[in-house]
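One structure below.
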Amino acid sequence: MSDRRRRPLIGVTGPSSRLARGRLAALLCLRMVGARGRWLAPGTDPAAVRRLDGLVLTGGSDIDPTAYGSSDKPWSPPDVERDRFELAALEVAEERGLVVLGICRGSQLLNVHRGGDLHDDIQPLRKASKNYRTLLPRRPVQIEEQSRLNGVFGRDRFKINALHHQAVDSLGHSLSVAAIDEDAVVQGIEDPAHTFCVGVQWHPEYLFWSPPHLNLFRALVEAAARHQRETRPVRR
């Protein structure tokens, strides 16, 4: 098998636009840590996820509140087609035991897929800090000591960027909180029993120049490579 084919193949979801910045940045990060990336968008057959070694769900538009049983009016127009596609992709990924990284919206959707719900607007939760939006790592977070994220970053405190106003509220099944900010808003979730199933509320793809944040993609790819080896058919 060629070196190229041995490199894990990671699907990266996003909106229909080929110029979606978050997806392009995530594809770059995956390439930097030795993986192949495949662009996925609404209209792609979710069955294509079966041929992947992992899945990254990127950020973007708000999730339709009806997807998690809320009757609140959307803060901004949701991309319902994308919601449906990514939820179907997560279903296949779970069935196949694929590694998953959810980024911002992707973390929220991972929680919704597991039966959790969201805060439609986190502004009322801000007591200790403002709900500023920035690509720079300015917001401090606390990582749970026994979490996978703690092992990835090798520390229990660091700073992140912030572009969101929805956030995880009630956790979905089998998920636990991995990181919170100074207002106790959930900034990281994970499934402790899974090989690698992590959601982060920030955007590590825009912090590729920072080794700890790039390590998140590296950890995903290493877990995908292990899954690839374990599920590869044995040649006789």
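The values are calculated or read from the model by the stated rules, or taken from the named source; none is laboratory data. Note that the structure is predicted; figures quoted are calculated from it, not measured. Note that each Cβ is placed from the backbone with ideal geometry, even for glycine, and that neighbours are counted across all protein chains shown. Each accessible area value is taken on the protein alone, full model and side chains, heavy atoms only, with ligands, DNA and RNA left out. Shrake-Rupley method; radii C 1.70, N 1.55, O 1.52, S 1.80 Å.
Listed here are the residues, each with its yes/no results for (1) of a type outside the set (A, V, I, L, M); (2) under 22 Å from residue 134 (Cβ atoms); (3) out of contact with any Asp or Glu (no Cβ under 6 Å at 6 or more places or on another chain).
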site: 157; (1), (2), (3): yes, yes, yes
site: 163; (1), (2), (3): no, yes, yes
site: 170; (1), (2), (3): yes, no, no
site: 181; (1), (2), (3): yes, yes, yes
site: 192; (1), (2), (3): yes, no, yes
site: 207; (1), (2), (3): no, yes, yes
site: 212; (1), (2), (3): yes, yes, yes
site: 220; (1), (2), (3): no, no, yes
site: 231; (1), (2), (3): yes, no, yes
Next on the checklist: I'd like to check something: does region 100-116 contain any residue that is of a type in the set (D, E, K, R), touching a Gly at 6+ places or on another chain (Cβ under 6 Å) and open to solvent by 10 Å² or more (accessible area, probe 1.4 Å)?
Outcome noted: yes
Item to check | Criterion (among the small types (Gly, Ala, Ser) and under 23 Å from residue 30 (Cβ atoms)) met by exactly one of 179, 128, 167 | outcome: 179
